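Colleague: Have a look at the structure that comes next, please.
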Amino acid sequence: MHRLLICATVALAITGLTHVPAFARSMESSDAKVVQQATPAVVNISLWKVKPPLKAGDSPRRVKVYGSGFIIDPSGIIVTNKHVIDGAIGITVIMANGDQAPAKLLAPAAMLDVALVKIDVGHPLPYLKWANSDDVKVGDPVLTIGNPLGIGLSVSAGIVSALNRDIKDTPFDNYIQTDAAINHGNSGGPLIDQDGNVVAIDTALINPDSGGFIGIGFAIPSNSAKFVVDRLLDPNHPKPGWLGVSLQDLTPELAKALGVPPRAGSIISAIDPGSPASLAALRPGDVLEKIDNESQTDSRAFLRDIVMMPVGAKAQLTIWRDGKQLSIATAVAEWPNIMPAGGVMNPHMAAMMIQKAPDPGVKLQPITEATRKQYSLDPKLDGVVVASVEQDSEAHDLGIVPGDVITSVQGEAVTTPAQVTHAVMAAHEQHRPYLAVLIQNKDGARWVSISIGDAS
C-alpha cells in the first residue's frame, strides 16, 4: 500500500476533510477533568513563512502556517516541534482563552525535532509536567491536544499503539505510536496520560493518498524530549556525545556468521575517520554488546545512550570480535559538524520579506457584464470581483472564493483592482498589522482581516 509519512504541521487553509473510520477509543467521563486541567497550558502557534515562487521570475511570498505547542514553565517557555518554526519570520502564540502574544525563538534542537519558544505576558502561566515515558505501555489510554488543520484547539482520545517505532527521522528514533488523532497542525502538541502529564510530543503521521488520518500517528517520548529541552535551557548548552560508530541491528544470521551469541548486541557497520571509535581501534564487524555494562535492545538505543553521554566522559565498551569478548575504553567526543536546520529566518532575509507588501493570494477583476453573468452577481452590486484564489494563500484560509466581491477596504468603497492594491500598499507603508475588507457574496456580507505587518 502506498503511504506517505509526513510532519503534522498545516500550511494555511484546510484543503479538504476526508471521511475516515474512527480508529481511536471514544472519550470517557474521566477524560473531561484531565482535559480541563491540561488545555489552558496548550497553545496554537501561528507563523509566517516564505513560500518559494511558483514559477521563474515570480517573487517569494509570505504564507501562514499553523502548529501546536505546550507551556512547560510559568514564565512562558513553550515546547513545539522544530519543523513547526523552521524558516519562520514571525511567530504568534494563541492561548486557549484566545489571548495572543508574539513569541521569540529560544533554541532549536540540533538532532531532535524539538524547539523552544517563549512568550512574555507579565503573569505566570499554566504549564504541563513531563511524565516518565519509560513507564508507558502499549494499550495505555492517551489524549492528544492541539490545533488540527488550523481550526482551533481540539482534543482526541486513543491508546498507545506501539513503542520504539523507527520512522527514519534520526539514527536513534524511538517514537511512540498512537491512534489518537494527529492531523496537520497537531505538530508540537502534547500527548498526555490520564494524569494530564506529557508522555510525548505529537510530531508525524502516516498519511495515505486520501489525505485523511488513518489512525497511525507518532510522538517523541517525553524522556527524550525532556533530556533535550533541559540541555537547551542549560546556559552551557551541552553538546551531544559522539563516538563515531554506525550501528545496525544484529540478525540471527549475522550472529551465526560472526560466531557470536544470539542477541549479542549491535554490529558496527562503519567507523568515522579520526573519531574516538577509530582511535580506540574499533572496526566494522565488531559487535557492541554493552556500554558501561549496560546492554540495549537495538542499535538505536545504543546510539541514544552515546548521544546522552557527557562530552569528555570515558565509555567502557564490551564488544565481540572474532568470537571473543573484549573490553575497550574510549573517550566521548562532541558530535561534529552539527548543522541544526531551521529556526527563525535570519534577520536580513526577514527584513527583505517585510519590505514587500504581502500577497493575499487573489486575482481581482473589475465587475463587468460578463463577470455579473458568470458569477450571478446582483445587477446593483458594485465592487471588485475575486477571479481566482491560490489554494496555499491567506485568502483561501479566510474562506474567500472566486465570485466573492470586495466592496470596501478600511471603510472606503472600491470599484477597481487598483484601488484594492493601493489600499494594501498604503497599509504596508503605514506599518498597519491588518487591513479590514468587506466581502459580499450570495450568503451576505462579512468582514475579513488581511494580514499586513504581522511578519515584522
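The values are calculated or read from the model by the stated rules, or taken from the named source; none is laboratory data. Computed from a prediction, not measured in an experiment: that's the story for all the values here. All Cβ positions, even for glycine, are placed from backbone atoms using ideal geometry, and neighbour counts span all protein chains on display.
Colleague: Of all residues in segment 95-114, which are β-branched (Val, Ile, Thr) and over 16 Å from the mean Cα position of the chain (by Cα)?
Modeller: none
Colleague: Look at segment 183-198 and say how many of its residues are out of contact with any Lys or Arg (no Cβ under 6 Å at 6 or more places or on another chain) and surrounded by fewer than 24 Cβ atoms within 10 Å (Cβ to Cβ).
Modeller: Adding up the residues that qualify gives 4.
Colleague: Next question, about the same structure. Looking at Ala257 and the list (1) out of contact with any Gly (no Cβ under 7 Å at 6 or more places or on another chain); (2) modelled with pLDDT under 90; (3) assigned to a loop (DSSP other than H, G, I, E, B), which single condition is not satisfied?
Modeller: (3)
Colleague: For Ser388, indicate whether it is within 33 Å of the chain's Cα centre (by Cα), under 21 Å from Val437 (Cα atoms), modelled with pLDDT of 90 or more and outside any loop (DSSP other than H, G, I, E, B).
Modeller: Yes: the conditions hold for Ser388.
Colleague: Could you say which residue among Pro124, Pro108 is surrounded by fewer than 19 Cβ atoms within 10 Å (Cβ to Cβ) and either of a type outside the set (D, E, K, R) or under 23 Å from Thr39 (Cβ atoms) (or both)?
Modeller: Within the list Pro124, Pro108, the selection yields Pro124.
Colleague: What about Val42, is it at pLDDT 80 or above, out of contact with any His (no Cβ under 8 Å at 6 or more places or on another chain) and either assigned by TED's automatic domain parsing to the domain that holds Ala181 or not aromatic (Phe, Trp, Tyr) (or both)?
Modeller: yes
Colleague: Ok, one more. Examine segment 71-88 for a residue that is assigned to a strand (DSSP E or B), within 17 Å of the chain's Cα centre (by Cα) and at pLDDT below 90, and state whether such a residue exists.
Modeller: Among the residues of segment 71-88, not one is assigned to a strand (DSSP E or B), within 17 Å of the chain's Cα centre (by Cα) and at pLDDT below 90, which makes the answer no.
Yes or no, residue by residue, for (1) free of Cβ contacts under 8 Å to residues at least 60 places away in the same chain; (2) part of a loop (DSSP other than H, G, I, E, B); (3) of a type in the set (Lys, Arg); (4) surrounded by 17 or more Cβ atoms within 10 Å (Cβ to Cβ):
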site	(1), (2), (3), (4)
His396	no, no, no, yes
Ile400	yes, yes, no, yes
Ile406	yes, no, no, yes
His422	yes, no, no, no
Ala426	yes, no, no, no
Leu435	yes, no, no, yes
Arg446	yes, no, yes, no
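Colleague: Could I ask something else about it? Filtering segment 89-125 down to residues that are of a type in the set (A, V, I, L, M, F, W, C), assigned to a loop (DSSP other than H, G, I, E, B) and closer than 26 Å to Lys168 by Cα, which residue is modelled with the highest pLDDT?
Modeller: Val114
Colleague: Filter segment 263-300 for residues that are assigned to a helix (DSSP H, G or I) and more than 33 Å from the chain's Cα centre (by Cα); which is surrounded by the fewest Cβ atoms within 10 Å (Cβ to Cβ)?
Modeller: Leu279
Colleague: Next up: If the Cβ limit is 9 Å and pairs must be 6+ apart or interchain, which residue in segment 256-278 that is of a type in the set (Lys, Arg) pairs with which residue that is crowded, with 16+ Cβ neighbours inside 10 Å?
Modeller: Every condition considered, the pairs that remain are Arg263/Leu250; Arg263/Ala255.
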